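The values are calculated or read from the model by the stated rules, or taken from the named source; none is laboratory data. Quantities reported herein were computed from a predicted structural model and do not represent experimental measurements. When we count neighbours, we look across all protein chains shown, and the Cβ atoms used for this are built from the backbone with ideal geometry, even at glycine.
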Amino acid sequence: MIDADVRTSVLGGRQMTQEELDRSISTIRYGTLSYVDEEGWPDMRPMNFGVYQGCYYFHAHKTKGEKLKSLTSGKRVCISFYKASDQVGQEPICQHESVLVYGRLERLDESDENTEEMLQGLTALCLAAGTPYKAAPERLASGVKTISVFKVIPEHTVGKLVRFATLPARPAPADSAPTP
């Protein structure tokens, strides 16, 4: 299912090259984490992610976090990233990008040996979210006490580009005939 042909070509869409995929992933900020909850229902959570050494990091509050009851190490998850063109209606042709990352979850705050990786993942997350002041070492050290840090280890990643017309085609200029 995760590498089905339906992702490769539909109308104006095509699968991203590895270079396009790398470029798109390097600019991500927000995405949606999808998983099956403890009752068997599909669940989705929009959140911000950080990318560090090819893995995706996010966090949840240890006491108030709704995600924690369903997120355990080894769980299969999917992250969806979508970048819409900001030129729709302004440019004749626009392009949207979507990326799906399928992987397994690892909870890092359950072992003291993961502290350095947690701090690196959180730093990447703060920088990607546009809040670099939160990445200060003293802020991260105090934050780690109240949050759980998760890593998604990707097993399969696929991206799609969709090009589409946003404005009607412009009529060809009329030939100017000589005036008698």
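Considered as a group, the residues in segment 54-76 that are touching a residue at least 24 places away in the same chain (Cβ under 8 Å) and loosely packed, with under 12 Cβ neighbours inside 10 Å include one that is farthest from residue 158 (Cα to Cα), and that residue is 63. Scanning segment 1-25 for residues that are surrounded by 15 or more Cβ atoms within 10 Å (Cβ to Cβ) and modelled with pLDDT under 80 turns up 7, 13. Condition test on residue 113, is it closer than 20 Å to residue 34 by Cβ and among the acidic types (Asp, Glu)? When the stated conditions are applied, residue 113 does not pass them. The requirement of being crowded, with 16+ Cβ neighbours inside 10 Å, of a type outside the set (Gly, Ala, Ser) and outside any strand (DSSP E or B) is not satisfied by residue 100. When segment 140-155 is filtered for residues that are surrounded by fewer than 16 Cβ atoms within 10 Å (Cβ to Cβ) and farther than 14 Å from residue 58 by Cβ, the ones remaining, listed by number, are 141, 142, 145, 146, 155. Against the numbered list (1) at pLDDT 85 or above; (2) part of a strand (DSSP E or B); (3) of a type outside the set (D, E, K, R), residue 74 comes up short only at (2). Screening segment 77-87 for residues that are surrounded by fewer than 14 Cβ atoms within 10 Å (Cβ to Cβ) and more than 15 Å from the chain's Cα centre (by Cα) and picking the one that is modelled with the highest pLDDT gives 86.
Taking residue 28, is it at pLDDT below 85, touching a strand residue (DSSP E or B) at 6+ places or on another chain (Cβ under 6 Å), within 30 Å of residue 140 (Cα to Cα) and not in a strand (DSSP E or B)? In short, yes.
When you look at residue 140, is it modelled with pLDDT of 85 or more and over 21 Å from residue 43 (Cα atoms), yes or no? For residue 140, the condition - modelled with pLDDT of 85 or more and over 21 Å from residue 43 (Cα atoms) - is not met.
With respect to (1) over 15 Å from residue 60 (Cβ atoms); (2) in contact (Cβ under 8 Å) with a residue 12 or more places away in the chain; (3) out of contact with any Pro (no Cβ under 9 Å at 6 or more places or on another chain), the lone exception for residue 104 is condition (3).
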